[in-house]
Amino acid sequence: MNRNKSREIFEKALTLIPGGVNSPARAFGGVGGTPVVFERAEGPWMYDVDGNRYIDYVLSWGPMILGHCDPRVTESLNAAVAHGTSFGAPTLAENTLAELIIRLVPSIERVRLVNSGTEATMSAIRLARGYTGRDKIVKFIGCYHGHVDSLLVAAGSACATLAVPNSPGVTAGTAADTILLNYNDVEGVRKTFEENGDQIAGVIVEPVAGNMGCVPGTREFLETLREETKKHASVLIFDEVMSGFRVARGGAQEFYGITPDLTTLGKIVGGGLPVGAYGGRKEIMDAVTPVGKVYQAGTLSGNPLATAAGIATLRVLEAESDFYTKLNATTARLAKGIEREAADAGVKVSVSHIGGMSTIFFLSEDDDSVKDWDSSSRCDKKRFAKFFWSMLDSGVYLPCSQFETMFTCSVHSDEIVDATIAAAGKAFRSL
């Protein structure tokens, strides 16, 4: 494929923007080469500035669960634009989106809208500390919770891709109150609470990790978190920025049947526009200003365009009773087909998948699956990079890192999935 125009635009971007990108996840640091520059998208397709068409499995890193430019969303946005783009004052749409979130996510009794997943996680850990009067937060190695200082420690995602596990600018004092544990390590959780339980304000976890690749939490691990946080009066925070409305209608907490105290949301909740949210038990949420004393604010929180897109998206997810049955079937078809092609080509991979999330792991010789950061980090990143470029040249756009998650949507048809599987077979044989 000719991508000369993409290259020219990116070279110009390098003179204007650090690294030429406005988020490091968009850089091709994990695969080499020059990022593709896109100009439009529709359904399951993205079109670059050189006129090439790609089947999209990035989906803006998760939000586009209905595909790009779904008419129900775009019509809602057009109507909202006509009434104004920002008020900085209450609107009916904020109530409507809040009602939808509360109805769909079982654990949420009150919810506060913010502008990003990072704002949501930052606010949730501040709330956990303010509500409990304690300082320490437990997080898990390889889980990414946005670029919050105290959580940007042993994070996955672009931090791992770019070999920056701990960001400069994060002070030792900030990181000192963060306790790091291994993901899916039940005994580590129990021991930590036994030794530090009265100091732990809360635990924040991705119930389905998405930034060391797609790595679902085990039921025993998540149940242990619930048991230990209850026993020690700590706050359990499920970071469902990625898994919310994607693993199931009520998120991973519905899938596992485990109720957290607080939940953070993003991506799908804004229908492709910048929205985040955090919510949970009324007694905890009432500690937030102006009811309580834990401060959090945002000029554009509850923005009318973002709420319109979120409302339109969540209404579709609520109305279509078989939506997640179909989405799960699409993801499973893709995962099984790719594994079959890899086996036929003699390439050792495992495709981890749950709901509308999946990752193709190029396993090390010592691993049969990926269950935590250590096993993820042992995967063959060079082989993944070769696979990525072969797929791109076949018109399939994948996440540009072994540590990121692929996403499927409602308009990935069987024919599109089968074409992807065929392209994967060609790519595996080329390795």
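The values are calculated or read from the model by the stated rules, or taken from the named source; none is laboratory data. Quick caveat: nothing in here was measured; it's all calculated off a predicted structure. Glycine gets a Cβ as well: all are built from the backbone with ideal geometry, and neighbour counts include every protein chain shown. Areas reflect the complete protein model, heavy atoms only, side chains present, ligands, DNA and RNA absent. Shrake-Rupley method; radii C 1.70, N 1.55, O 1.52, S 1.80 Å.
Annotations
- One residue from Ser390, Ser376, Ser401, Ser352 being assigned to a loop (DSSP other than H, G, I, E, B) and in contact (Cβ under 8 Å) with a residue 12 or more places away in the chain: Ser401
- Filtering Val189, Val203 for residues that are within 30 Å of Leu59 (Cα to Cα), modelled with pLDDT of 80 or more and open to solvent by less than 20 Å² (accessible area, probe 1.4 Å) leaves a single hit, Val203.
- Within the stretch 288-299, the set of residues being surrounded by fewer than 16 Cβ atoms within 10 Å (Cβ to Cβ) and aliphatic (A, V, I, L, M) comprises Val291, Ala297.
- From the list Gly292, Gly302, the one residue that fits, being farther than 30 Å from Asp70 by Cβ, not in a helix (DSSP H, G or I) and not charged (D, E, K, R), is Gly292.
- Boolean, Arg219 is under 28 Å from Ala79 (Cα atoms), of a type in the set (D, E, K, R), in contact (Cβ under 8 Å) with a residue 24 or more places away in the chain and open to solvent by 50 Å² or more (accessible area, probe 1.4 Å): no
- Scanning the stretch 8-25 for residues that are without any contact (Cβ under 8 Å) to a residue 60 or more places away in the chain, buried (at least 16 other Cβ atoms within 10 Å of the Cβ) and outside any loop (DSSP other than H, G, I, E, B) turns up Ile9, Phe10, Ala13, Gly20.
- Some residue of the stretch 408-416 being buried (at least 22 other Cβ atoms within 10 Å of the Cβ), among the β-branched types (Val, Ile, Thr) and in a helix (DSSP H, G or I): no
- Residue match in the stretch 362-373 (condition: out of contact with any Gly (no Cβ under 7 Å at 6 or more places or on another chain), under 30 Å from Arg219 (Cβ atoms) and part of a strand (DSSP E or B)): yes
- Of the residues Thr224, Thr264, Thr307, the single one that is open to solvent by less than 10 Å² (accessible area, probe 1.4 Å) and touching a strand residue (DSSP E or B) at 6+ places or on another chain (Cβ under 7 Å) is Thr264.
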